[in-house]
Amino acid sequence: MKPAITVLGTGRMGSALVHALLKAGHHTTVWNRTVEKTTPLVAAGATVARSVRAAVEASEIIIVNVTDYPATTALLRGDIAPALRGKLIVELTSGTPHSAREAGTWAVEHGVTYLDGAIMATPDFIGTEHGTILVSGARQAFDEGKDMFQALGGNVQHVGEDLGLANALDSALLALMWGALFGALQSMAVCRAENIDFSELARQWTATAPVVEGLVSDLIKRTAAGRLAADSETLSSISPHYSAFQHLVELMEVRKIDRTVVDGYDAIFRRAIAAGHLHDDFAALSQFTGKAG
Ligand SMILES: NC(=O)c1ccc[n+]([C@@H]2O[C@H](COP(=O)([O-])OP(=O)(O)OC[C@H]3O[C@@H](n4cnc5c(N)ncnc54)[C@H](OP(=O)(O)O)[C@@H]3O)[C@@H](O)[C@H]2O)c1
């Protein structure tokens, strides 16, 4: 028989988690501050708990998915703490590495097993083959929860025992994602100014996305290996990138497009070029985006 699970927090993501658990056959108890949001989940087979305490008492595994760690703290660190003793908390709320480690320390002090996860997906990916969740903490606890994790997504991975790892990777991957999303905002501003239909942009983006993916993978690989100087495998040195970048800046100036984002890129290019890296691999820029000061 599959273990019963409690989910605290049934917003957009929490609701998706509950649907996936129900679909996999887990008896699922839910609690949400705004009880109305649990109605569709009850219709799908979940049991609603009237209080956090009742929700915690209903299962040995408690998944938390609220807005932030202070919300989790407010829910679980008061009188409820003794009811959590011996249970497994899986924190899937987004947060920082240090908040995850701090929660882990609290859990040890209160006899609670604690895993910290980062959901690298939107709700529509939960319960599907491509649903990615990164989990850090004790390997044994992760293995014991395997059934439940498999229900949540086809790519749920244990990334290490250090509880901060999942959240650290989350921030790293989000930095990459926002690069793409803010880039898309710039692209749309250019298209709008130049009367290019967004459907055309969408088509060309799909066609060129594999090139971008290849460049990102190459950048990571070369930086990891410290291969910052140009060599026979260099796809592009800083020089042609900076020339093309200036075309973008010129277009933006002519069309009076906001430069807040690209000015940041410009500053990094300029620092690298001033330090003599114009003809090095693009990966040489990695020396100018690390620790500040
Ligand atoms: N949506 C995504 O695509 C996505 C992707 C990856 C990770 N996440 C993470 O998943 C978490 C939830 O995101 P979401 O998209 O589900 O957000 P959401 O729809 O805004 O839901 C937020 C949830 O947190 C609850 N909550 C907030 N403050 C609370 C408090 N002080 N006490 C008790 N409950 C509280 C809300 O309760 P009420 O209903 O009562 O307001 C609701 O259940 C966040 O950490 C988010 O970063 C989301």
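Every number in this text was worked out from the coordinates using simple rules, so none of it is lab data. Source: prediction; values computed, not measured. Cβ atoms come from the backbone with ideal geometry, glycine included; neighbour counts cover every protein chain shown.
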Handout entry: Summed residue charge, Cβ within 15 Å of Phe182's Cβ, Lys/Arg positive, Asp/Glu negative
Key = -2
Practice task
Pairs of lysines 8 or more apart, or on different chains, with alpha carbons under 20 Å: count those in the chain, would you?
Solution key: 7
Handout entry: Pairwise centroid distance, computed over Cα atoms, of region 1-56 with region 274-289, Å
Key = 50 Å
Problem - Global geometry of region 197-288, whether rounded, prolate or oblate, following the gyration tensor of its Cα atoms and the 1.5 cut on a/c - result: oblate
Handout entry: Tilt relative to the chain, helix 165-193 - C-alpha long axis, 0 to 90 degrees, to 10
Key = 50 degrees
Practice task
Specify the angular offset, from 0 to 90 degrees and rounded to the nearest 10, of the alpha carbon long axis of helix 260-274 from the longest principal axis of the alpha carbons in the chain.
Solution key: 60 degrees
Problem - For region 130-197 and region 202-247, distance of Cα centres in Å - result: 22 Å
Problem - Net charge over other residues, Cβ less than 13 angstrom from the Cβ of Leu201 (K, R count +1; D, E count -1) - result: -1
Handout entry: In sequence order, calculated HN-Hα J values of region 208-223 (Karplus, 6.51, -1.76, 1.60; Hz; x Gly/Pro)
Key = 9, 4, x, 5, 4, 4, x, 5, 5, 4, 5, 4, 5, 4, 5, 5
Handout entry: Neighbour-limited loop hits for GluC sites (Glu not before Pro), region 117-209 (at most 16 other Cβ within 10 Å; DSSP other than H, G, I, E, B)
Key = Glu129, Glu161, Glu194
Exercise for the section: Net charge near Arg101: determine it from the other residues with C-beta under 10 Å of the C-beta of Arg101, scoring Lys and Arg +1 and Asp and Glu -1. Expected result: -3
